[in-house]
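One structure is given here, and the rest of the page talks about it.
The values are calculated or read from the model by the stated rules, or taken from the named source; none is laboratory data. Predicted model only: the values in this text are computed from it and were never measured. For neighbour counting, all protein chains shown are included, and Cβ atoms are generated from backbone atoms with ideal geometry for every residue, glycine included.
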Amino acid sequence: MNYIYTYNIYAACKKEGVFVVIQMKWVDGGGYMEMNGTQYKLKQCHWHSPSEHTIDGKTFDLEAHLVHESSNGMISVIGILYQIGEPDYFLSTVSCLIHN
């Protein structure tokens, strides 16, 4: 899998039930990933706190979903589970763009 991402984005933070959701949408496209010869453009990404998914029953502090779409409408989502620790480069980069 190959990927190229850009940072020209609008971001917002909101509470939905038990989750705090941070959602980002790209102004001029967020880049893409390529998998099995198909290019998927990054449409949006969002985070949930706590995570929606678990591993062996363990919930994580944060979960990111990077939502991509191919030219023929196929969707591909990359999920990233976070635990509290060292600062995340991507989150640190975009934190100044988040509006409550």
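Which pairs turn up if I take residues in segment 63-90 that are in contact (Cβ under 8 Å) with a residue 40 or more places away in the chain and look for partners that are of a type outside the set (Asp, Glu) and assigned to a strand (DSSP E or B) with beta carbon separation below 6 Å, at least 6 apart in sequence or on another chain?
Every condition considered, the pairs that remain are Ser76/Tyr40; Ser76/His68; Ile78/Leu66.
How many of the residues making up segment 33-59 are touching a strand residue (DSSP E or B) at 6+ places or on another chain (Cβ under 7 Å), at pLDDT 90 or above and of a type in the set (Ser, Thr, Tyr)?
The number of residues fulfilling the criteria is 3.
Looking only at segment 53-86, which residues are more than 13 Å from the chain's Cα centre (by Cα) and within 24 Å of Met33 (Cα to Cα)?
Of everything in segment 53-86, those that are more than 13 Å from the chain's Cα centre (by Cα) and within 24 Å of Met33 (Cα to Cα) turn out to be His53, Glu69, Ser70, Ser71, Asn72, Gly73, Met74, Ile75.
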